[in-house]
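Enquirer: Structure below; questions to follow.
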Amino acid sequence: MAVTGDETETGSASDLTACQQHIPSSSLPQGVAGATSAHGSKKSAEDATQKRELRLMKNREAARECRRKKKEYVKCLENRVAVLENQNKTLIEELRALKDIYRHKVE
DNA sequence: TAGTCACAGCGTCACTTATG
DNA sequence: CATAAGTGACGCTGTGACTA
């Protein structure tokens, strides 16, 4: 495919990111040139296919990015689960110790 | 070693949501 | 409201682990 530079920024601040710092992702590799072949009949068809290819390419990138973010988000949640489980364990221990102390006092 | 299964990653389509 | 960006769902492909 012959496509050249005309880049679009993907500067969206989406959510999912209640979790972690974001890594800036790669910019789009290619774009579409203004292929101005002067013959009008063909031109609109060419334009259409070019438009479509550009759309597919952008969507491909978007899908990749989307999956990347989702994966990162899941990893982040898993980390959080681990941390909370640890905290929970610690608190249970603490509670047990306090109960013990109390029991001895009462006796 | 060939066949099978589960899994991950990808591209595309269709739909939703954000933005100018 | 038109267009761009984001995302869920589907089908396809490659890969590693397992089994007969």
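Enquirer: Select from the stretch A:65-107 the residues that are without any contact (Cβ under 8 Å) to a residue 40 or more places away in the chain and hydroxyl-bearing (Ser, Thr, Tyr) and list them in ascending order.
Expert: Passing the criteria: A:90, A:102.
Enquirer: When the residues of the stretch A:28-83 are narrowed to those that are open to solvent by less than 60 Å² (accessible area, probe 1.4 Å) and not in a helix (DSSP H, G or I), which ends up modelled with the highest pLDDT?
Expert: A:37
The values are calculated or read from the model by the stated rules, or taken from the named source; none is laboratory data. This structure is a prediction, so every number in the text was calculated from the model and none was measured. Neighbour counts run over all protein chains shown; Cβ positions are idealised from the backbone, glycine included. Please note that ligands, DNA and RNA were not included when accessible areas were found on the heavy atoms of the full protein model with its side chains. Shrake-Rupley method; radii C 1.70, N 1.55, O 1.52, S 1.80 Å.
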